[in-house]
Amino acid sequence: MASSAKDIQLRELMDTVSQLKTMMAEQTELIRSLRTVIDEKTAHEAVLQEQVDYLTKKLFGTSSEKTHSDIPGQLNLFNEAEAEQDPSLPEEDCIEEPSPRKKKATHAELFKGLTVHKQVIPLAEEDKICPICGTPMERIGEEYVRRELVFTPARCEIYEYYTESYGCPNCKDGKGDTEKAVIIKSKAAPALIGKGPASPSTVAWTIYQKYANGMPLYRQEKDWKEYGAAISRTTLANWIIYSAEHYFRPLYDYFHRQLLLREFLMADETRVQVLKEPGRSAESQSFMWLFRTGEDGQPTILLYGYTPTRSGSNAADFLNGFRGYLETDGYQGYNKVSGIKRCSCWAHIRRYFVDAIPKGKQLDYNQPAVQGVHYCDRLARLESTITSKCGTDYEKRKQMRLEKEKPVLEAFWAWVDSQHPTRNTRLDKALTYVKNRRETSMTYLEDGRCSFTNNLSENAIRPFTVGRKNWLFSDSVEGAQASAITYTMVEMAKAHNLNIYGYLSYVLEQRPDETWSDEQLAELAPWSEKLQTLKI
């Protein structure tokens with residue numbers, strides 16, 4: 001019996017131990033799962049904090065993306081990539097020379113386009129007598145004192161046009177071969193717009209003020225009133241829309257045809273709000289596109305285009321017939337454009353790394369995002385030096401890129417592959433963005449005319465985004481389309497250093513229409529020899 005009791009007690013103890021082991025295993029699993037939850041919560045909190053820091057920086061921080069290019073002792077990684085190469089070009093070809101200090105402009109240089117009026121300050125009659133002997137003094141010269149910039153406010157005038165009528169006196173008296181009086185009138189050119197008072201100068205000034213200076217029409221309405229002309233903003237808008245469609249459209253289409261003949265293009269897009277779009281609410285976002293030529297050494301062409309959506313099919317329609325390289329940001333919609341080779345913008349790649357740098361860690365080289373930024377900076381410095389050395393020798397530019405930049409690119413991709421960031425962090429997004437564009441970011445090495453960044457098109461679309469802050473939206477589809485055409489005219493003049501108002505006035509005076517040939521329209525292009533007198 002004693003043995004049996006001991007066996008029962010032993011079995012009970014073994015059951016207790018088994019239960020305790022099961023309980024410990026369950027507790028251990030619970031602890032492990034809780035730790036996993038805590039780790040996930042901690043990682044999620046870190047991602048959220050990173051997002052807060054990023055948005056705070058966007059709202060209240062500096063918008064500049066400049067970083068300190070030199071961190072003592074931390075650039076060996078980039079120099080090592082180049083130390084392994086064996087370039088045939090001399091090393092001094094890639095030494096970055098300090099840019100010379102810009103000389104302070106003289107008054108003659110600042111005001112070289114202005115008329116100079118000489119003002120001589122006369123000596124008073126009583127001062128023309130010698131104070132010593134009383135002899136009348138003689139003029140012996142003059143001395144320069146200073147120059148002043150004088151502003152003459154604009155003014156409006158009304159020009160009334162009359163035709164002259166001439167009649168034959170012989171025929172009037174019945175002495176001629178006809179019984180009717182012979183009357184001939186001079187021919188007057190038709191009005192620029194309908195029967196209204198618009199002239200090339202007034203329409204050109206309205207366009208210049210809105211699209212070059214960003215002045216909305218409601219403010220221009222007040223401005224015209226100050227000049228003594230009561231012109232409503234509706235009338236001003238009608239002038240712009242009519243001129244864009246009837247006089248600028250033929251030239252715009254000519255620019256479009258010339259654009260499609262090029263081999264290197266760049267593109268960008270931005271939002272625009274149009275209040276009265278058929279079938280869409282006033283809050284819907286439409287888009288303004290920018291297409292321009294690249295660095296091919298030929299005259300610059302840039303075009304704006306309005307579409308209701310951001311669909312890549314819009315870009316495909318606009319670039320239908322183009323064959324060549326297309327430099328853009330990372331928007332995948334451009335993949336719908338056929339017959340192109342995509343070039344990705346390295347400024348956008350760098351921007352992703354800049355945004356991934358933790359708060360206050362901009363100079364901490366141990367941060368992978370900082371390392372990514374410095375790879376991009378190294379490439380940008382090499383690109384700037386190579387471009388300045390090669391100029392328009394694009395074949396040499398290609399060779400120097402392959403010899404100087406390709407080793408840095410290879411080191412960069414090796415570094416990218418070695419990174420293992422926390423999921424959903426900004427560094428993870430930056431590396432994913434870069435990996436998805438590995439092939440297109442290397443395309444610029446294929447031809448020296450390819451651009452390293454898309455900055456030219458971003459700079460070209462910036463005037464539209466700045467103007468949008470003033471006039472906020474377009475009222476109608478016609479207005480948005482007119483804005484695209486008119487911005488094209490303004491920015492084309494600006495790109496070729498022409499006086500914007502003078503160029504617009506000249507085109508409106510010529511009044512091109514759809515019957516004009518390409519040879520005639522070429523005479524109105526900003527690069528035409530006839531228009532070089534408008535250079536500023």
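Nothing in this text is a laboratory measurement; each read-out follows from the coordinates by a stated rule. Here the structure is a predicted model, which means the values were calculated and not measured. A quick note on method: Cβ atoms are made from the backbone with ideal geometry, for glycine too, and the neighbour counts reach across all protein chains shown.
Within 10 Å of each candidate Cβ there may be at most 11 other Cβ atoms; applying that plus a DSSP loop requirement, which GluC sites (Glu not before Pro) in segment 115-152 survive?
Working: sites: 125, 126, 138, 142, 143, 148; in loops: 138, 142, 143, 148.
When the GluC sites (Glu not before Pro) of segment 115-152 are filtered for loop state and at most 11 Cβ neighbours within 10 Å, 138, 142, 143, 148 remain.
Relative to the longest principal axis of the Cα atoms of the chain, the long axis of helix 249-260 makes an angle of roughly 50 degrees. With the helix formula -39500 (n - 2.57) applied to DSSP H stretches of n ≥ 4, the chain reaches a computed 222 nm mean residue ellipticity of -14000 deg cm²/dmol. The long axis of helix 500-510 is offset from the longest Cα principal axis of the chain by roughly 60 degrees. In this structure, the amide hydrogen of residue 327, modeled 1.01 Å from its nitrogen in the peptide plane, lies closer than 5 angstrom to those of 265, 266, 267, 343, counting only residues at least 5 positions away or on a different chain. Remark: segment 191-199, residue by residue, has Karplus-estimated 3J(HN,Hα) of 4, 4, 9, x, 10, x, x, 5, 10 Hz, where x stands for each Gly or Pro and the curve is 6.51 cos²θ - 1.76 cosθ + 1.60 at θ = phi - 60°. Between the alpha-carbon centres of segment 249-304 and segment 355-433 there is a gap of 30 Å. Working note: Cα gyration tensor of segment 300-405, eigenvalues times five, square-rooted, sorted largest first, giving semi-axes of 30, 23, 11 Å. Close amide H partners of residue 476, meaning residues 5 or more places away or on another chain with modelled amide H under 5 Å apart, are 275, 276.
3J(HN,Hα) along segment 432-443, derived from phi through the Karplus expression 6.51 cos²θ - 1.76 cosθ + 1.60 where θ = phi - 60°, amounts to 5, 4, 5, 4, 5, 10, 4, 6, 6, 6, 9, 4 Hz, with x in place of Gly and Pro. Kirkwood hydrodynamic radius of segment 108-204, from the reciprocal of the average inverse Cα-Cα distance over all distinct pairs: 21.8 Å.
Where the convex hull is taken over the Cα atoms of segment 204-342, what is its projected area averaged over directions, in nm²? Walk me through the intermediate numbers first.
Details: hull surface 40.3 nm².
Answer in nm², one decimal: 10.1.
Angle of helix 2-60 to the longest C-alpha principal axis of the chain, folded into 0 to 90 degrees and rounded to 10: 10°. With contacts taken as Cα pairs under 8 Å and at least 6 residues apart, the chain reaches a relative contact order of 19 percent. Converting phi to 3J(HN,Hα) with the Karplus coefficients 6.51, -1.76 and 1.60 and the offset θ = phi - 60°, segment 209-218 yields 5, 7, 8, 9, 9, x, 8, x, 5, 5 Hz in sequence order, with x at every glycine or proline. Can you work out D for segment 333-490 in µm² s⁻¹ from Stokes-Einstein, where Rh is the Kirkwood radius over C-alpha pairs, the temperature is 25 °C and the viscosity is 0.890 mPa s? Diffusion coefficient, whole number: 136 µm²/s.
The aspartates and glutamates whose alpha-carbon is closer than 12 Å to the alpha-carbon of residue 359, local same-chain residues fewer than 8 away aside, are 50, 53.
Here residue 396 is the anchor, and the lysines within straight C-alpha reach of less than 24 Å, apart from those fewer than 8 places off in the same chain, are 341, 404, 406.
Starting from the eigenvalues of the Cα gyration tensor, five times each then square-rooted, give me the equivalent ellipsoid semi-axes of segment 438-536, largest first, whole Å.
In descending order the semi-axes read 28, 22, 14 Å.
Normalising by residue count, the chain has a Cα convex hull of 380 Å³ per residue.
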